[in-house]
Every structure is written in structure tokens, then in C-alpha cells.
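Encoded as C-alpha cells, the structure appears first; notes follow it.
The values are calculated or read from the model by the stated rules, or taken from the named source; none is laboratory data. Since the structure is predicted, the reported quantities are computational estimates derived from the model, not experimental observations. Heads up, the Cβs are rebuilt from the backbone with ideal geometry, glycines too, and the neighbour counts pull from every protein chain shown.
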């Protein structure tokens with residue numbers, strides 16, 4: 001299991017993902033779930049992945065290989081004219097990988113994977129999509145400004161309550177830190193380190209990218225501060241009167 005979030009604000013896009021992959025309590029590993037392709041001044045594309053690790057790695061590897069060595073008549077992430085077409089390319093590769101696995105005699109539903117895709121291509125607006133295991137996708141908008149994949153339930157309430165499209169990148173980072181901390185404390189299948197990326201609208205370059213480890217001073221401040229704030233809020237609520 002894993003936890004990934006892609007969030008759209010007025011200033012651009014913010015992405016965060018954990019790195020834990022486990023096949024049982026005695027087999028826990030760290031793998032990057034955030035992948036970036038960019039041509040500075042022309043496009044930035046970010047892909048977050050959750051689900052079966054063999055499937056997600058195969059999808060990312062195919063996308064990466066085709067971007068580096070384009071195949072005739074096959075569109076690549078560095079050639080698509082829009083983010084919508086980019087989402088179609090990713091969806092097609094997801095279908096290819098799962099169908100190939102299923103045709104080899106294994107159940108397709110055991111190799112499901114989901115993705116969050118976001119970015120901007122020159123001449124178009126920043127866009128954010130969630131891509132399902134079937135290869136189809138939906139786009140974020142005013143009513144649904146963020147997507148989550150993986151272990152989503154513990155980190156969603158704070159995003160729903162505190163999100164504001166006018167947030168700064170710093171405020172959004174704080175929001176996602178709380179969301180991830182809540183998830184880490186509730187589910188052992190999500191774990192540090194975390195990867196975070198900011199993309200500022202129309203810059204056509206990665207604005208900020210960082211890996212957050214357990215000893216990160218800001219993360220520890222947020223984690224401890226949020227726990228204290230929740231305890232105080234609970235204590236300040238009126239007691240039940242029988």
C-alpha cells in the first residue's frame with residue numbers, strides 16, 4: 001500500500017507521495033512513487049503511482065523508455081500536444097501492461113494500479129488527472145481540486161476541511177504534511193521518507209522538489225504540533241451532560 005496526493009491551487013500544482021511498499025509485515029521496502037519528465041521551458045509532467053509494484057514499475061519503465069527512444073507512430077510523454085493527450089498515453093500503457101499480464105495466465109485484477117498525472121505543456125493550462133487501472137481517467141476541477149490514491153481515508157478529512165485554492169505553496173505543504181502524518185500514524189503500510197514537489201503555473205520547470213525523511217525538522221514540528229493541537233481541541237470541547 002502507499003499514499004499519494006496531487007492537489008491543484010491557483011498558483012499551480014502540488015504533489016506528495018510516500019515510499020513504502022510491503023508484502024507482509026516482514027517484507028517492507030522503499031521505492032519511489034513520484035516520477036518526473038520535463039523539458040525546461042516546454043513541459044513538466046509528474047506521475048504518482050499506487051498499487052501493485054510490478055505493474056507500476058512496468059508502466060513507468062515503458063513510458064521512460066519511449067520518451068528516451070521514441071518509437072515510430074507511438075506518442076511519448078515528451079511529444080504530446082496537451083495534458084489530456086498525455087493522460088491518454090499513460091492510460092494506454094496501463095492497459096497494455098495489465099492485459100499482457102492477464103494474457104500470460106494471471107488474473108488481471110491482481111495487478112491493478114492507479115496513477116495521478118499532472119503538469120503543464122507550453123501553450124496550455126496546468127491540468128491534473130487520476131488514471132484508473134482500466135486506463136480511463138478523470139480530471140480535477142473546481143469541485144474536485146485534488147486526487148488521492150492508495151491509503152486515502154485517514155488523510156482526506158484535513159484536506160477537505162482546510163483546502164483553499166488561494167493557498168500558497170508553503171501553506172499547501174503544511175496541509176499535506178498533516179494529511180500524511182495522520183495517515184502514517186494510522187496505517188503501517190504508509191511510511192517515510194516522503195517525496196514532495198511544487199510546480200508553479202507557467203514556469204514550465206520544476207519549482208521545488210524535496211525528499212522528507214524522519215529526521216526532517218519541519219516534518220517533526222508539524223507532527224508534534226498537530227498532535228498537541230488535536231489534544232487541546234478535544235479538551236476544549238464541552239463535556240457530555242447525562
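Just to be sure, is residue 145 surrounded by fewer than 20 Cβ atoms within 10 Å (Cβ to Cβ), closer than 24 Å to residue 208 by Cα and under 16 Å from the mean Cα position of the chain (by Cα)? Taking the combined requirement at face value, the residue satisfies it. Identification of strands (runs of 3 or more DSSP E) wholly contained in region 1-93 with 2 or more residues that are touching a strand residue (DSSP E or B) at 6+ places or on another chain (Cβ under 9 Å), under 30 Å from residue 162 (Cα atoms) and touching a residue at least 60 places away in the same chain (Cβ under 8 Å) yields 3-9, 12-17, 34-39, 43-51.
Among the candidates 149, 131, 116, the residue that is under 29 Å from residue 91 (Cβ atoms) and in contact with a helix residue (DSSP H, G or I) (Cβ under 7 Å, 6 or more places away or on another chain) is uniquely 131.
Rundown of residues vs (1) at pLDDT 95 or above; (2) exposed (fewer than 14 other Cβ atoms within 10 Å of the Cβ); (3) part of a loop (DSSP other than H, G, I, E, B), yes/no style:
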| position | (1), (2), (3) |
| --- | --- |
| 184 | yes, no, no |
| 198 | yes, no, no |
| 215 | yes, yes, yes |
| 238 | yes, yes, yes |
| 242 | no, yes, yes |
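Return the residue satisfying two criteria in turn: it lies in region 36-50 and is within 16 Å of the chain's Cα centre (by Cα) and surrounded by fewer than 20 Cβ atoms within 10 Å (Cβ to Cβ), and of such residues it is nearest to residue 212 (Cα to Cα). This residue is 36.
Scanning region 125-182 for residues that are on the phi < 0 side of the Ramachandran plot and not in a helix (DSSP H, G or I) yields a count of 35.
Scan region 42-55 residue by residue and report those that are at pLDDT 95 or above and out of contact with any helix residue (DSSP H, G or I) (no Cβ under 8 Å at 6 or more places or on another chain). Within region 42-55, 42, 43, 44, 46, 48 meet the criteria.
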